[in-house]
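Bear in mind these aren't lab numbers, they're just calculated from the coordinates by the rules spelled out. Everything numeric here is computed off the predicted structure, so don't read it as measured data. Counting neighbours? That spans all protein chains shown, and the Cβs are built from the backbone with ideal geometry, glycine included.
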């Protein structure tokens, strides 16, 4: 079995190596420290059976790095192993087409369970990471105007149309959108709407 493991933290690569070695009697582990290094390995060596990627490392740029790796090795399953346990990240990875997601905080047994499931052809996404835990403290405070903008974002309106609907300038709307993304701790308008629906702000 050949596995490519990419992570920019040498200590974590070393720790996960002991887990990966338990997946088969003979495991050849190829290590990379960023996306470019991963692509170079995939392009120059025989095919691998599993790819394990860190979500945040040089070259990842959101999910652009994952997409490059997936295109280079389209028949190989990819598992994201990340320190992030944010359900938004988990959903992004799942929607992008990865076969699995494992938090770095997971126990050895859970890591092995998830990796073996993916190697057997199944998808593995921990249920508790797909459903957010909502507490009063977890609900961000948005101003009434930001809530108005978020409501119109959920309808797919552009900044220009939102500005016309609220009788505000487009520059002001852009400012509100940036504030909403920051308050909800998301990167895109689509993610803001999804999180707003989950938090029952919409």
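Starting from the 7 Å offset along Cα-to-Cβ, what nm value, one decimal, do you get for the label separation of residue 9 and residue 174? Each label point lies 7 Å from its Cα, and together they span 3.7 nm.
The C-alpha atoms of the chain define a longest principal axis, and helix 87-96 lies at about 70 degrees to it.
In what sequence, highest mean first, do 159-165, 30-36, 75-81 appear when ranked by Cβ atoms within 10 angstrom? It would help to have the intermediate numbers written out before the result.
Values: 159-165: 16.4, 30-36: 18.3, 75-81: 20.0.
Going by the mean number of other Cβ atoms within 10 Å, highest first, we get 75-81, 30-36, 159-165.
Think of it as helices only: each DSSP H run of n ≥ 4 in the chain is worth -39500 (n - 2.57), and spread over all residues that comes to -14500 deg cm²/dmol at 222 nm. Over 26 Å, how big is the tail of the calculated P(r) for the chain, in percent of all Cα pairs? Percentage above 26 Å: 43.
So if each residue of separation counts as 0.36 nm, and I subtract the Cα-Cα distance between residue 158 and residue 185, what length gain in nm does that give?
7.7 nm
Rounded to two decimals, the Cα-based Rg/Rh of segment 62-181, with Kirkwood Rh, is 1.12. Overall size of segment 136-198 from C-alpha positions, given as principal axis extents largest first: 33, 19, 16 Å.
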